[in-house]
1. On the basis of being modelled with pLDDT of 95 or more, among the aliphatic types (A, V, I, L, M) and touching a helix residue (DSSP H, G or I) at 6+ places or on another chain (Cβ under 9 Å), does residue 84 make the cut?
2. Which one of these does residue 60 not meet: (1) assigned to a loop (DSSP other than H, G, I, E, B); (2) at pLDDT 80 or above?
3. Could you check how many residues of region 50-61 are over 24 Å from residue 96 (Cα atoms) and either surrounded by fewer than 19 Cβ atoms within 10 Å (Cβ to Cβ) or among the aromatic types (Phe, Trp, Tyr) (or both)?
Amino acid sequence: MFGKRKLGCLEKVRSRHPTLTIKGFVIRCAGQASGSLEHRFDWENALIDAVIVSGVTFFGSLGGGAIAGLSVQSGIEAATIAALAQFFVFLALKRGIVQSKEA
């Protein structure tokens, strides 16, 4: 089932300090050339995507507030709250903290 290299690495786990991540423990074995068990999260693209989606939410909420007859100050406050909530929810979805429900 396991190759000799992987089995040898797993036997040495007791002497290593595994890294605790959100998705569980990550154990790196020295000398492995192919694919580590840890997946690096791409913060740059996640932040850009979150800003874009939050901007759409902000201006959509601002336009909806204007149509509903909110004052300018109330509309900006409501749109800011909606955009900030959308920003953090989107990052949580991208990071995998919150699992999206698939139909």
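The values are calculated or read from the model by the stated rules, or taken from the named source; none is laboratory data. The structure displayed is predicted, hence computed values, not measured ones. Cβ placement follows ideal geometry from the backbone for every residue including glycine, while neighbour counts extend to all protein chains displayed.
1. yes
2. (1)
3. Of the residues in that region, 2 qualify.
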